[in-house]
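> There's a structure below that I have some questions on.
Just so you know, all these numbers are worked out from the coordinates, no wet-lab data involved. What you are looking at is a predicted structure, and each value in this text was computed from that prediction instead of being measured. As a convention, Cβ positions derive from the backbone with ideal geometry for all residues, glycine included, and neighbour counts pool all protein chains shown.
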């Protein structure tokens, strides 16, 4: 199992020629300050319950020009399976509670169409503007890649940069290189207010 | 057109008696994410004697010293962001003018301020270094820096060295850390 650093790129299928199905897991924890307001007084009066922070993982299936060729190539909680059937989203975790992966995406490498060259895994905060939330309120964000055949964790990237003020994370990508698949630990972040704005970067 | 693999050594002048000029080209794209630092990659060269040392500061070609005293090794100038299509920086070498006491020329690429900016080659889009026969345009070697050196911040791309009266080429391709000061120290120069 390799712990990746930002910018690192590793091979998936060249050293693992039998690798066919992956599970990409994304996870995060809310910090104590996930509330959009209230602050000290609210906590002192026992109001304490922090506003839930709803992070959504999505996958953009991009062509060799880095573009989303059709809307259905965006896999997210409202479109859980890609048209080619190669990508399946596990469903929406609304609170982030629980250890381990908060959302999981199944990838069948052999079913990915020839025109799809990159699978970009992103996380954005649902209703971040209304709720006044940003990734400074999240800790322990990670993306990991597991071999579905034997549950072996191939690599994990802990996103440890300071993402305060940012509302969308471009966590990592699975991409074609020559005739193999590789994984890149991206860990970039933007202030896009929602998935639609984030997706527009790839149109 | 010869395409080299890492670690491969080839003859330059023995089989190409007319070969006199080599161009090293370095290219990359600007940072596509706001809020991060620009990526500033630098091409540098060391003129190394037979003891493996650069003879004085004049033998270190970089943004503050663009030409060696003989004028045979010439650096194009510093591109600090990757703006522009094609090679962003280049070093041209005229083999026939290289002084006799220079035994090899080491060509290196370094990310400026990589440690303070927390950058590595993997984060830089489309970063590459190539070496071209400047007279024919044939590309001898190209390294995709972002793919094969993703966690590195510097690398020794190639060495052009004398061998029995001819020039040969070694596609070294080895990474290094610690910036230009630490690289210069390996060639016997102290940071200034």
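> Averaged over its residues, how many other protein chain Cβ atoms are within 10 Å of peptide B:119-131's Cβ atoms?
Per residue, the number of nearby Cβ atoms from other chains is 2 on average.
> Taking the Cα centre of each part, how many Å lie between the range B:14-65 and the range A:115-156?
Result: 38 Å between the Cα centres.
> Expressed as a rounded percentage, what relative contact order does chain B have, with Cα pairs under 8 Å and six or more residues apart?
Computed over chain B, the figure is 29 percent.
> Where a ≥ b ≥ c are the square roots of the eigenvalues of the C-alpha gyration tensor, would you call the range B:79-192 rounded, which needs a/c under 1.5, or, failing that, prolate if a/b is larger than b/c, or oblate?
Judged from the Cα gyration tensor, the range B:79-192 comes out oblate (a/c at least 1.5, b/c at or above a/b).
> Here's something else I'd like to know. 7 Å from Cα along Cα→Cβ at both residue A:29 and residue B:144: what's the point-to-point distance in nm?
Using points 7 Å along Cα→Cβ, the separation is 3.8 nm.
> Given a Förster distance of 56 Å, report the FRET efficiency between residue B:49 and residue A:92 from their Cβ-Cβ distance, rounded to the nearest 0.05.
0.30
> Partner chain Cβ atoms within 10 Å, averaged over the residues of B:31-41 - can you pull that number for me?
What the average comes to for B:31-41 is 2.
> Something else: For a Förster distance of 35 Å, can you work out the FRET efficiency between the beta-carbons of residue A:140 and residue B:70, rounded to the nearest 0.05?
Taking R0 as 35 Å, the efficiency between residue A:140 and residue B:70 is 0.05.
> Can you give me the relative contact order of the range B:37-142 as a percent, contacts being Cα pairs under 8 Å and 6 or more apart?
29
> Report the paramagnetic label zone for residue B:81: residues of the range B:106-146 whose backbone N is under 20 Å from a point 7 Å from Cα along the Cα-to-Cβ axis.
B:111-114, B:117-120, B:123-128
> Evaluate the distance, in nm, between pseudo-label points positioned 7 Å from the Cα of residue A:16 and of residue B:100 along their respective Cα→Cβ axes.
In this crude label model, residue A:16 to residue B:100 measures out at 5.9 nm.
> Would you mind computing, in nm to one decimal, how far apart the modelled labels at residue B:135 and residue A:178 are, each placed 7 Å from Cα along Cα→Cβ?
So the two model labels end up 3.3 nm from each other.
> Sticking with this one: Would you mind getting me the FRET efficiency between residue A:106 and residue B:6? Use the beta-carbon distance for r and R0 = 35 Å, nearest 0.05.
For R0 = 35 Å, the calculated efficiency reads 0.45.
> Here's something else I'd like to know. Given 0.36 nm per residue, what is the gain on full extension from residue A:65 to residue A:162 after removing their alpha carbon distance, in nm?
Here the segment from residue A:65 to residue A:162 would lengthen by 31.9 nm.
> Continuing with this model, one more query. Express the relative contact order of chain A as a whole percentage, based on alpha carbon pairs under 8 Å and six or more residues apart in sequence.
30
> Let me ask something else. May I ask for the Kirkwood hydrodynamic radius of chain A, worked out over all distinct Cα pairs and given in angstroms to one decimal?
17.3
> Return one quarter of the surface area of the convex hull spanned by the alpha-carbon atoms of the protein assembly as shown, equal to its mean projected area, in nm².
With the hull built on Cα positions only, its mean projection is 22.6 nm².
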